[in-house]
Each structure stands twice: as C-alpha cells, then as structure tokens.
Amino acid sequence: MLGWQGLMHLYAGADKPIRYADFALPAGQHLLLRGASGSGKSTLLALLAGLLRVQQGELEVVGAELAKLGPRALDAWRGATLGVVPQRLHLSEALTVAENLALPALAAGQGADPARAAELLTALDIAELAARRPHQLSVGQAQRVALARALMRRPRLLLADEPSASLDDEHTLHMLALLLDAAEREGCTLVIASHDGRVIEALSARDDVAEFVLRGKLPTGAPALPTGNRTTYWSDEGTA
Amino acid sequence: MIRLAWRYLWSSPLTTALNLLLLTLGLAAVTFVLRASAQVEAGLKRDLAGIDLVVGAKGSPMQIMLAGVFHLDAPTGNIPLATLDLLKAQPLVAQAVPLSLGDSFRGYRIAGTTPDYMDLYGAKISLGAVWAKPMQAVLGAEVARTSGLKVGDHFAGSHGLASGGGAHDEHQFEVVGVLAESGSVLDRLVLTDLASVWEVHEDHHTAHDEDEPKEITLALVRYRSPLAAAMLPRWVNAQDGLQSAAPALETARLMRLVGAGTEVLRGFGVVLLAAAGLSVWVALLHAVRARQGDLAMLRMLGAPAHRVATLITLEALLLAGLATVLGLAAGHGLVAGLERLLAERQSLRLGPLGFSDAEWLVPLLAAGLALLAAAWPAWRAYRLDVTTLLQAPR
C-alpha cells in the first residue's frame, strides 16, 4: 500500500541526491517518519504527497504508482486520497472555520459538503467553532480544525507533519491521540513525520506503528532513540 | 470559487477600498468623457436639423451659427428681409426660413419665424394650434412647463436676448399653442410670426424708419443639392453685408475646441486608470505573497495550478466588475449633473440619456486592466512551490 524502491531525489544545484532505503509499510500499520532537519524528511513527505516528481525509483502510495501520474492526475489523486495536517496549519484567515472546511471540495471543483463538515466538527468536539475565524482559535482548536479539513474528503492516507511543533507535553499527547483516533475512525493510514522525542516516545508503545528513520546528517554512531516494540527501518544512505 | 475570491478580496478591506476608489474614479472619468462627448454631439446634431447654411449680417460665422441654430449667442446684426427672397430665388436653395430675434421671455428667446421653422425639426403641436396672426405665440415645451403659461394666456416679452431687459408690456402675446417636447432647441423657444417682432419694435423706430425695408436676423437655408455647399456660401459672402455660416463646419470646429478639454479629461482618466492598474497589481502581488500558505494549501488539497491562478485573476475581475458598475453610475451621474446645469442655464440640451455604443469600452477597459494587473501575480500563484508548505517555519 505504501512503499518505495530505489527512490532518490536530486535537487537542482545539489551535488548529490537524497537516497531512500527501500521500504514497504506492512498492512494495517501506521508510519512514523523520523529524522532531523536536513535529513530528507520534507523531501520524502513531498514525494509521498505527489508534490515532487519521482525522478528515479518506484513509489507506491495507496495503490498508485506516482511516477506514472501526470501533473493533473497527481493533483486529482492528492485531493481524493491524501489528507494533510501541515506543521504550519495554514488555515485561511479570510474564512470562517466552516468555510475553511469547504476548501477541499472547492479545490477539487466540487460543491461544499456542510453535513460532512458538521460531522467532523462534532467528532472533534469543536462544533461550536464553525463560525469563528482562525485567529479566534486556540492552538489546540486550530489543530483540530486543520485535522477536520484534512479528513473532509475521507482520505486513505493522513499525513501529519511535525504535529507536536510548538505544543506542550499535554497537547502533544492529545494531538497524537486525536490523529490516531481519527485514522482509526476514518479507516485511513496515518503517516507522522516528526523528530520530536515526545512523539517518538509516545508511539513507542504501539505495535501498529512502523518507523522509518532517516539518518541524514546525524553523525554516525549517534545514540538511537528508544524504539520500543516498533518495527524500525533505517535509511542508512539517507543524506541531504 | 467566486465567493472565495470575493472573501479574499475583502480580507484586506483598506487596500481593496483604495483600489476600488482609484479604478472607479478612472472609469467614471472615461465614462463621463465618452458619455458627455456622445451626448453633446447628439445634442448638436439634433439641433442642426438639416440646416445646411445660416445667413446673417457680416461677422463671425461661429457667432452666426451659435445664434441661429443653437440660440446660444447674440446675432451679428440684422439683414434685409429681401435677402430671404434673394436666397429663395437661388436654384441651389431648397428652403430658406427666416428668423427674427431680439426679445425674450424669462430668458427664453422669442423667435419670429414661419411655421416652416417647426417643420425643420419635425415639431408637433401638443396643445392648441400654430399662430394665425401676429402677436400669437407657440411655446416650446420647456418654456410652457417652467412659465406655467397655458393656451389663452397672455404675456409680454422683454427687450434683449437675456432676461432683465426692458419689458414690452404694451405688446401682449397670446399663447395659442404649445409644442410637444422634442429635446431640441425648440423646447426653449417662444415661436411667433415674423410680423410680431416688427410690431413689437415699431415703437423703437422713429417715424422716418417706417419707410425703411423690413429686416430679419438670420435665414436658415437647406440646400437642394450637395453642389450648393461649394457655391452658395461663396455667393452669400460676396453679397454686401451678408455672412454665411455652415453649421456642420462650425460645429466640427466647436467640437475641436471642446475636444481639447475632453482630451485633458480623458488623459486624466487614463492616468487614474494606470495608477489603479499599478495599485491593483501591487496589491495582488502582495496578496499572493501574503497568502502563499493559503494558496499552497489549496494546491495541497488537490487544486490544479490553473485553478489557483484563476482565483487570483477572479479577485482582479471582481474588483474591476464592481468598479465598472460604480464608475458607470458615477459617470452617468456626472453627465446628468452637467445636463441639469446646462438646462438651468438654458444652454444646449444634451442628447437622450442611456448607453452610448462607446460606453461598452468601459467594462472591456476594466476587464483588460484587471487581466493585465493580475497576469503576473496569477503566474506567480501558478508557479507556487507547494513543497514550502512542508518546510519548517522560519
């Protein structure tokens, strides 16, 4: 369902490509992408989201071989398959919460689905915030809204980029619980990209989360973070 | 999509309001120039009413034309009544209508003439009838409306073409008819028999003047053939004391004079529009930069690049659409104000209100400007690097 083989990406002007060790996510598992800044994590996320073209290798995401999709098809695939909760939430300040939730349908050229928006807002316990503007929300509320937006089109893959950034410990755990609950409820695969020790620690106890570690610029021999009972895949060749 | 563009547009209300104001002012200036020129030209053409030549006393042809056709200036003097017969005898002349001016009623000119004058304009009597004898008058529609005079009422003219001259109280005109509103110069004239003017002014003449030949002020001539345009004016000007004025030529000259002012106003409108276009361009560029995250998110949510670019273009087009409506309304308002001002001064009546053909340029101009201003920002939005969305905040 999610995996890659011989995957590499070379940025224009860079002297060497980022190579990713071959990987296949076992069925029924979620994925934790772990790696420090510059390890190639953002590049892998962009490749998974179809925002960067696959230059070499094979990348299969939710049954689609992304290398074979053209730009239009990639856009349509992304809209229909992927839900993203970015590190900066990018809720539109010009719109209310309800209108922000209408954006996925609008992006796909479809009509808004207020019933689905209401359902998600209720499930995430923020139904009363529908008419508010993003600047009127707390950080936690804004993250729930961003999660609701990501789930609007019933994605099969939910991608959360550094979901614990700027959150305290309590909110970090709460956000992780929200993401895992949402993934379970919606029946989608969750991919969390993080280098936050708290996230790694919190997910270590779960056996339904596989881990892919991008070493990147981490010095050789750096102490590995505890892996608990996870399946851990090391991308030894990873470099930025 | 349109709703989203509208919301984005008004997410910076001050910037949008300023751009809207600039665009509206520019479009209003252009609308005013187009509309006013068209209406002035229509007004002038309507008053020309097929008059090919005005013959008056020696003087400025422009003055003769303004006095004889538009009734806006004082005539250059009088000419002998015999001139009329002389003109009628010319084979190139189809019709020659006399006009005798000199008095007014509440600022409206009293014109001594023949019923042929009304026929020139295709004027219809709405109440009463045409005069049958001297000292009977037919009122133009505006004169009747503002004076409140009805058929059967009497009034006295005052000396001179402007209000405030000495009254001819002893010579009372009887209103025998009222003209239907035609929008032409006839609306603001009091028409009477040629002999009425002579009768009113008999008192001003001394005894020995009574033997002097009768005079008229002007003769309005229609040509029998286009050949007359080349020959008749020359023949008239060669006559002692006569001056011809070709209204078509003089009107064109007048429009050229007015045109200088029009050009300045049009230039002003273009400068305003250029400033507005630049301002919209800067605002959109800023919006694309400020909303980079929003736009990238749309792309992330599956919007094709062209849809994001369309969103930016729509913002500009919505602004242009709004400015077009406001600009056209403001432009028409200004023309209506000008028309009221001219009416109050009993000056030229503008052509009928409504859309002129040239006015369709206004929305096209606005849309063109919006597309031009939005082109580069939309291209930036189209080329947006969505991967920045997945990068850590700086």
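Determine if the stretch B:290-302 includes at least one residue that is within 20 Å of B:Asn19 (Cα to Cα), over 33 Å from the mean Cα position of the chain (by Cα) and within 14 Å of chain A (Cβ to nearest Cβ).
Of the stretch B:290-302, the ones within 20 Å of B:Asn19 (Cα to Cα) are B:290-291.
Cutting the leftovers down to over 33 Å from the mean Cα position of the chain (by Cα) gives us B:290-291.
Those left that are additionally within 14 Å of chain A (Cβ to nearest Cβ): B:290-291.
Yes - at least one qualifying residue is present in the stretch B:290-302.
I'd like the full set of residues that are surrounded by fewer than 21 Cβ atoms within 10 Å (Cβ to Cβ) and within 30 Å of A:Val84 (Cα to Cα), limited to the stretch B:256-300.
Across the stretch B:256-300, the qualifying residues are B:Leu285, B:His286, B:Arg289, B:Ala290, B:Gln292, B:Gly293.
Please work out if B:Leu92 is of a type in the set (A, V, I, L, M) and within 14 Å of chain A (Cβ to nearest Cβ). Steps first, answer last, please.
Values: of a type in the set (A, V, I, L, M): yes; within 14 Å of chain A (Cβ to nearest Cβ): no.
So B:Leu92 does not fit the description; no.
Of the residues that make up the stretch A:95-102, is at least one more than 10 Å from every other protein chain (Cβ to nearest Cβ), on the phi < 0 side of the Ramachandran plot and either out of contact with any Lys or Arg (no Cβ under 6 Å at 6 or more places or on another chain) or charged (D, E, K, R) (or both)? Quick ask: steps written out before the conclusion?
Filtering the stretch A:95-102 down to residues more than 10 Å from every other protein chain (Cβ to nearest Cβ) leaves A:97-98, A:101.
Subsequent filtering for residues that are on the phi < 0 side of the Ramachandran plot retains A:97-98, A:101.
When the remaining residues are screened for being either out of contact with any Lys or Arg (no Cβ under 6 Å at 6 or more places or on another chain) or charged (D, E, K, R) (or both), the result is A:98.
Yes: one or more hits.
If you go through the stretch A:4-55 one residue at a time, how many are closer than 28 Å to B:Ala303 by Cβ and in contact with a Pro (Cβ under 7 Å, 6 or more places away or on another chain)?
The total comes to 2.
Of all residues in the stretch A:103-128, count the ones that are part of a helix (DSSP H, G or I), more than 20 Å from A:Arg185 (Cα to Cα) and within 14 Å of chain B (Cβ to nearest Cβ).
Number of matching residues: 4.
Give all pairs with beta carbons closer than 6 Å in which a residue from the stretch B:21-44 that is farther than 9 Å from B:Gly331 by Cβ meets a residue that is β-branched (Val, Ile, Thr) and surrounded by 20 or more Cβ atoms within 10 Å (Cβ to Cβ); count only pairs at least 6 apart in sequence or on separate chains.
B:Leu44/B:Thr251
Can you find a residue in the stretch B:37-51 that is more than 25 Å from A:Leu95 (Cβ to Cβ) and over 18 Å from the mean Cα position of the chain (by Cα)?
There is at least one residue in the stretch B:37-51 that is more than 25 Å from A:Leu95 (Cβ to Cβ) and over 18 Å from the mean Cα position of the chain (by Cα).
If you take the residues of the stretch B:303-332 that are within 14 Å of chain A (Cβ to nearest Cβ) and under 20 Å from B:Thr16 (Cβ atoms), which of them is surrounded by the most Cβ atoms within 10 Å (Cβ to Cβ)?
Step one: of the stretch B:303-332, the residues within 14 Å of chain A (Cβ to nearest Cβ) are B:303-312, B:314-315, B:318.
So of that shortlist, the ones also under 20 Å from B:Thr16 (Cβ atoms) come out as B:308-312, B:314-315, B:318.
Numbers: B:Val308: 23, B:Ala309: 23, B:Thr310: 19, B:Leu311: 23, B:Ile312: 26, B:Leu314: 22, B:Glu315: 29, B:Leu318: 18.
Filtering the stretch B:303-332 for residues that are within 14 Å of chain A (Cβ to nearest Cβ) and under 20 Å from B:Thr16 (Cβ atoms), the one surrounded by the most Cβ atoms within 10 Å (Cβ to Cβ) comes out as B:Glu315.
Those residues that are of a type in the set (S, T, N, Q), outside any strand (DSSP E or B) and over 18 Å from A:Leu158 (Cα atoms), I need them from the stretch A:1-49; list them, please.
Step one: of the stretch A:1-49, the residues of a type in the set (S, T, N, Q) are A:5, A:29, A:37, A:39, A:42-43.
Next cut, outside any strand (DSSP E or B) only: A:29, A:37, A:39, A:42-43.
Answer for the stretch A:1-49, where residues must be of a type in the set (S, T, N, Q), outside any strand (DSSP E or B) and over 18 Å from A:Leu158 (Cα atoms): A:Ser37, A:Ser39.
Per-residue answers, yes or no, for (1) more than 14 Å from chain A (Cβ to nearest Cβ); (2) touching a residue at least 60 places away in the same chain (Cβ under 8 Å); (3) among the hydroxyl-bearing types (Ser, Thr, Tyr); (4) in contact with a strand residue (DSSP E or B) (Cβ under 8 Å, 6 or more places away or on another chain):
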| site | (1), (2), (3), (4) |
| --- | --- |
| B:Pro226 | yes, no, no, no |
| B:Gly241 | yes, yes, no, yes |
| B:Met255 | yes, yes, no, no |
| B:Leu272 | yes, yes, no, no |
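With respect to B:Asp119, is the statement that it is within 15 Å of B:Leu191 (Cα to Cα), of a type in the set (Asp, Glu) and at pLDDT below 90 true?
Working: within 15 Å of B:Leu191 (Cα to Cα): yes; of a type in the set (Asp, Glu): yes; at pLDDT below 90: yes.
In short, yes.
Within the group A:Arg88, A:Arg149, A:Arg153, which residue is within 14 Å of chain B (Cβ to nearest Cβ), crowded, with 16+ Cβ neighbours inside 10 Å, touching a helix residue (DSSP H, G or I) at 6+ places or on another chain (Cβ under 6 Å) and within 26 Å of B:Ser11 (Cα to Cα)?
Values: A:Arg88 fails: touching a helix residue (DSSP H, G or I) at 6+ places or on another chain (Cβ under 6 Å); A:Arg153 fails: within 26 Å of B:Ser11 (Cα to Cα).
A:Arg149 is the lone residue from the list that is within 14 Å of chain B (Cβ to nearest Cβ), crowded, with 16+ Cβ neighbours inside 10 Å, touching a helix residue (DSSP H, G or I) at 6+ places or on another chain (Cβ under 6 Å) and within 26 Å of B:Ser11 (Cα to Cα).
Taking the conditions exactly as written (closer than 23 Å to B:Thr83 by Cα and touching a Leu at 6+ places or on another chain (Cβ under 8 Å)), does B:Leu186 satisfy them or not? Steps first, answer last, please.
Details: closer than 23 Å to B:Thr83 by Cα: no; touching a Leu at 6+ places or on another chain (Cβ under 8 Å): yes.
Taking the combined requirement at face value, the residue does not satisfy it.
Which residues, taken from the stretch A:77-99, are under 19 Å from the mean Cα position of the chain (by Cα) and assigned to a helix (DSSP H, G or I)? So that I can check it myself, show each step before the final result.
In the first step, residues of the stretch A:77-99 are kept if they are under 19 Å from the mean Cα position of the chain (by Cα); the result is A:77-91.
Scanning the stretch A:77-99 gives A:Trp77, A:Arg78, A:Gly79, A:Ala80, A:Thr81.
Considering only residues that are in a helix (DSSP H, G or I) and more than 10 Å from every other protein chain (Cβ to nearest Cβ), look in the stretch A:50-72 and name the one that is surrounded by the fewest Cβ atoms within 10 Å (Cβ to Cβ). Show your work before the answer.
First, pick out the residues of the stretch A:50-72 that are in a helix (DSSP H, G or I): A:66-68, A:71-72.
Subset that is more than 10 Å from every other protein chain (Cβ to nearest Cβ): A:66-68.
Details: A:Leu66: 22, A:Ala67: 15, A:Lys68: 11.
So the residue we want is A:Lys68.
Across the stretch A:156-185, what is the total count of residues that are acidic (Asp, Glu), more than 24 Å from B:Leu298 (Cβ to Cβ) and within 14 Å of chain B (Cβ to nearest Cβ)?
Of the residues in the stretch A:156-185, the ones acidic (Asp, Glu) are A:161-162, A:168-170, A:181, A:184.
With the extra rule that they be more than 24 Å from B:Leu298 (Cβ to Cβ), the set shrinks to A:168-170, A:181, A:184.
So of that shortlist, the ones also within 14 Å of chain B (Cβ to nearest Cβ) come out as none.
The number of residues fulfilling the criteria is 0.
Considering the stretch B:11-65 alone, what residues qualify as being among the charged types (D, E, K, R) and part of a helix (DSSP H, G or I)?
Taking the stretch B:11-65 and keeping what is among the charged types (D, E, K, R), we get B:35, B:41, B:45-47, B:52, B:58.
Within the stretch B:11-65, B:Arg35, B:Glu41, B:Lys45, B:Arg46, B:Asp47 meet the criteria.
The conditions are (1) part of a strand (DSSP E or B); (2) surrounded by fewer than 20 Cβ atoms within 10 Å (Cβ to Cβ); (3) under 23 Å from the mean Cα position of the chain (by Cα), and B:Arg109 fails exactly one of them. Which is it?
The one condition B:Arg109 does not meet is (2).
The values are calculated or read from the model by the stated rules, or taken from the named source; none is laboratory data. Because the structure is predicted, anything quoted here is derived from the model rather than measured. All Cβ positions, even for glycine, are placed from backbone atoms using ideal geometry, and neighbour counts span all protein chains on display.
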